[in-house]
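Note sheet for the following structure.
We did not get these values from a lab; they are worked out from the coordinates using the rules stated. Bear in mind that the values here come from a model prediction, so they are computed numbers and not experimental data. Quick reminder, even Gly has a Cβ in these numbers, built from the backbone with ideal geometry, and neighbours come from all protein chains shown.
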Amino acid sequence: RKGTVIITGASSGLGLATAKSLSETGKWHVVMACRDFLKAEKAAKAAGMSKENYTIMHLDLSSLDSVRQFADGFKRSGRPLDVLVCNAAVYQPTAREPSFTADGFELSVGTNHLGHFLLSRLLLDEMKQSDYPSKRLIIVGSITGNTNTLAGNVPPKASLGDMRGLQGGLNGLSSTMIDGGGFDGAKAYKDSKVCNMLTMQEFHRRYHEETGITFASLYPGCIATTGLFREHIPLFRLLFPVFQKFVTKGFVTEEESGERLAQVVSDPSLTKSGVYWSWNKDSASFENQLSKEASNADKARKVWEISEKLVGLS
Ligand code: NDP
């Protein structure tokens, strides 16, 4: 049978390119989990995806109610769940003031981390029940959360500190930042990516042996042309792709990044669990090292436990 893969944020950028790549193999049915139904439908059509290879379902990760509804709706659909890809993200590098999710969490961590945390916890049982030979849960990470890299050292750097802000609920009453500091949109995004990478490892420790599911994260390369940078200043959006192409040479096209994520979904050689994948200059995959913080097992447990409380799982 065809595999079923859910991809969050498949209406643009990396998520769309991955959906297209997988649907073209004829081996996958892609559930595009998107907040804007019409945008997703237009994107799938424009990408030339054929109708029998995808379904669009509504999911707004910045609302825990919506996440619960999506999980229930998927369960009722009767489809098995073979692979889940947590890809969607918001990035607000120029925001001066924080914005908030429906549940009152700072938007970047609330969407990118807490929304996905609840989603993957709610769908884990579905994955356990699938008889697919290679089940995978993939959470997209990033180099920018990794302070052991050049890109990860561009200020403001990611840091979760003692997580007093996360513990306080990331709301306007206490701090909107995980480490308890003042709001910084770029840092909030990087912190959310550290949480994504820590969550993947904690899933691996808790569930890999018992379930056989492969838990993985990746850095798809710098896809400097996606909507992720939509809120950046125009000069940045003009120069960033050029800089990435010629200076850092980390630039990848959306199409190439989609091929990479599609490999993590379905390549028979990428079944190792607990791994953070990257690609070298020749576009060959390799197991990359995470920064000290992004691989700290105590922090991973703490992020997990606090997040459980915030999303109402404990
Ligand atoms: P895009 O902005 O193109 O895609 C992000 C997707 O997330 C969009 O489909 C967007 O929906 C969706 N999304 C945002 N908020 C929500 C929400 N509340 N509920 C549901 N979906 C939502 O960016 P990219 O493709 O670049 O980013 C994809 C992933 O790749 C992210 O995890 C990012 O961190 C990661 N990444 C990107 C890099 C890059 O260089 N671009 C580098 C490293 C990692 P909509 O279309 O409705 O706006």
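Overview of values
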{"item": "Estimated dipole of the range 124-201 in Debye, rounded to 20 [Cβ of Lys and Arg +1, of Asp and Glu -1, Cα centre]", "result": "180"}
{"item": "Normalised convex hull volume, the range 255-306, alpha-carbon set, Å³ per residue", "result": "109"}
{"item": "FRET efficiency, 1/(1 + (r/R0)^6) with R0 51 Å, evaluated for E97 and K128 via beta carbons", "result": "0.75"}
{"item": "The range 11-121: radius of gyration over Cα atoms, expressed as a fraction of 2.2 N^0.38 Å", "result": "1.10"}
{"item": "Note, ³J(HN,Hα) from phi for the range 142-154, Karplus 6.51, -1.76, 1.60, rounded to Hz, x at Gly and Pro", "result": "6, 5, 5, x, 9, 6, 8, 10, 4, 4, x, 9, 6"}
{"item": "Cβ-derived FRET efficiency at R0 45 Å, D162 paired with H58, nearest 0.05", "result": "0.75"}
{"item": "Around G152: net Lys/Arg minus Asp/Glu count, Cβ-Cβ under 15 Å", "result": "+3"}
{"item": "Dipole axis of the chain (+1 Lys, Arg; -1 Asp, Glu on Cβ), positive-most option in N288, F243, N196", "result": "F243"}
{"item": "FRET efficiency for L235 and D65, using Cβ-Cβ distance with R0 set to 41 Å, rounded to 0.05", "result": "0.60"}
{"item": "Net lengthening on full extension, E210/L173 (0.36 nm per residue, minus Cα-Cα)", "result": "9.3 nm"}
{"item": "Peptides ranked, highest mean first, by Cβ atoms within 10 Å: ranges 294-300, 197-203", "result": "197-203, 294-300"}
{"item": "Protection-proxy order for peptides 266-274, 107-115, 232-240, each taking the mean of Cβ atoms within 10 Å per residue, highest first", "result": "107-115, 266-274, 232-240"}
{"item": "18 Å Cα-Cα reach of K299 towards lysines, excluding residues that sit fewer than 8 places from it in its own chain", "result": "K157, K187, K190, K193, K309"}
{"item": "Between the range 117-192 and the range 233-251, the Cα center-to-center distance that results, in Å", "result": "25"}
{"item": "Relative contact order [Cα under 8 Å, 6+ residues apart], the range 192-314, whole percent", "result": "37"}
{"item": "Cα-Cα P(r), the chain, percent of pairs per 10 Å interval", "result": "6, 29, 38, 23, 4, 0"}
{"item": "Distance between modelled label sites at A284 and K272, nm, 7 Å Cα→Cβ extension", "result": "1.4"}
{"item": "Furthest towards positive pole of dipole, G115, A89, P133, structure part the range 80-136, Cβ charges", "result": "P133"}
